[in-house]
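Laboratory data are not the source of any read-out in this text; all were calculated from the coordinates shown. On a predicted model such as this, the values are computed, not experimentally measured, just so you know. A quick note on method: Cβ atoms are made from the backbone with ideal geometry, for glycine too, and the neighbour counts reach across all protein chains shown.
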Amino acid sequence: MEEGKRQKTLKSSFTTGAIALVFLIIGFETALFVHKAAVTRLVADRDHPDTVYVVQRVRPKAEPQAEPAEEPEETESDTVYYRKPADRSPDAVRIREKASPRRVESFRFNPNTVSLEDLMRLGFSEKQAQSILNYRAKGGRFRRPADFAKSYVVADSVFDRLEPYIDIPRIDLNKADSAAFETLPGIGPYFASRMVSYRASLGGYSHPEQLLDIYHFDREKYDALKDLITCSPPEPYPLWTLSERDLARHPYLSKDEAHSIVLYRTHQPQEAWTLEGLRKAGILSEEHYGKLSRCVLAGDSGSSPE
């Protein structure tokens with residue numbers, strides 16, 4: 001008898017619990033549905049906002065008259081309508097911006113300087129964008145577009161879309177400082193310093209391959225960075241006006257050649273002041289003639305730098 005009552009009580013409790021669980025699930029699903037509907041509406045308001053119409057009545061300025069004129073009749077042209085989105089609470093705006101699908105854009109950018117906000121415009125999440133900024137903050141640098149593709153937050157599909165827009169400026173040999181040179185592969189403080197000092201000796205690089213003149217700067221090192229550098233036109237080297245002492249400082253001129261150039265200028269008419277004239281006079285060695293012919297020289301139409 002008691003066993004039957006106990007079973008009946010347990011059955012009743014189980015039924016009550018099951019009914020409560022069903023109502024709990026229904027309530028939870030209803031809450032989710034209401035929340036989703038509310039968020040969907042807020043997101044929809046981003047592109048199709050409620051509109052408030054602001055009316056401003058404009059009356060033409062009356063001409064001064066001797067006697068008061070009658071009040072002009074109001075016409076449709078006297079009324080101006082302004083439209084603006086209805087005001088939303090800060091919480092609604094926050095939910096709308098968080099839940100709204102991000103609008104992905106594609107535009108030219110330098111991954112070494114692009115901001116977090118622009119990275120998000122390019123399609124990265126805030127966490128992904130911050131990861132790229134953290135990499136840069138630790139000294140990381142993207143030398144080539146392919147380096148950007150190696151970042152673990154850049155998916156292959158994203159890189160394929162963005163690759164045409166990646167704009168990493170080349171380092172200008174005639175404008176960069178030693179710190180910029182150190183960012184090049186294989187270039188440490190020693191070579192960066194030598195690149196700057198050799199530029200001063202030349203009076204400016206006329207072409208990138210002049211880096212090969214630097215001691216121990218071999219072809220392998222040059223080939224590893226040649227696609228990362230450029231060479232803006234330097235100031236023309238004043239070969240025909242410098243003193244013998246200054247000419248002798250140039251890497252492509254010996255002391256004897258500097259002395260002979262000064263004598264040549266003294267005894268030859270100005271129209272004969274050309275590299276070809278110096279070569280024919282036996283003043284320049286073939287090596288120095290070849291190197292100087294690729295330099296930008298002042299007042300010498302015979303020079304043809306590449």
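Taking square-rooted eigenvalues a ≥ b ≥ c of the alpha carbon gyration tensor, is segment 204-256 rounded, prolate or oblate, where a/c under 1.5 means rounded and, failing that, a/b exceeding b/c means prolate? Working shown, then result.
Details: a/c = 5.08, a/b = 1.80, b/c = 2.83.
Taking the square roots of the gyration eigenvalues as a ≥ b ≥ c, segment 204-256 is oblate.
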**Message:** Would segment 241-299 count as rounded, prolate or oblate if I go by the C-alpha gyration tensor, calling it rounded below 1.5 in a/c and otherwise prolate when a/b exceeds b/c, oblate otherwise?
**Reply:** rounded
**Message:** As a quick test, which of the pairs Lys150/Lys221; Lys221/Lys291; Lys255/Lys280; Lys226/Lys291; Lys150/Lys175 have an alpha carbon distance above 26 angstrom in this structure?
**Reply:** Lys150/Lys175
**Prompt:** For segment 154-235, what ratio Rg/Rh do Cα atoms give with a Kirkwood hydrodynamic radius?
**Reply:** 1.07
**Nonlocal amide H pairs with Thr230, under 5 Å, H built at 1.01 Å** = Ile171, Asp172, Leu173
**Fill in**
For segment 125-137, Karplus-derived ³J(HN,Hα) couplings (6.51, -1.76, 1.60; θ = phi - 60°; whole Hz; x for glycine and proline) come out as 6, 4, 5, 5, 4, 5, 4, 5, 5, 5, 4, 5, 5
**Request:** For Tyr237, enumerate residues with amide H under 5 Å from its amide H, sequence gap 5+ or separate chain, H modeled in the peptide plane.
**Result:** Val296, Leu297, Ala298
**Prompt:** What does a probe at Leu212 reach in segment 231-266, counting residues whose amide N is under 11 Å from the point 7 Å along Cα→Cβ?
**Reply:** none
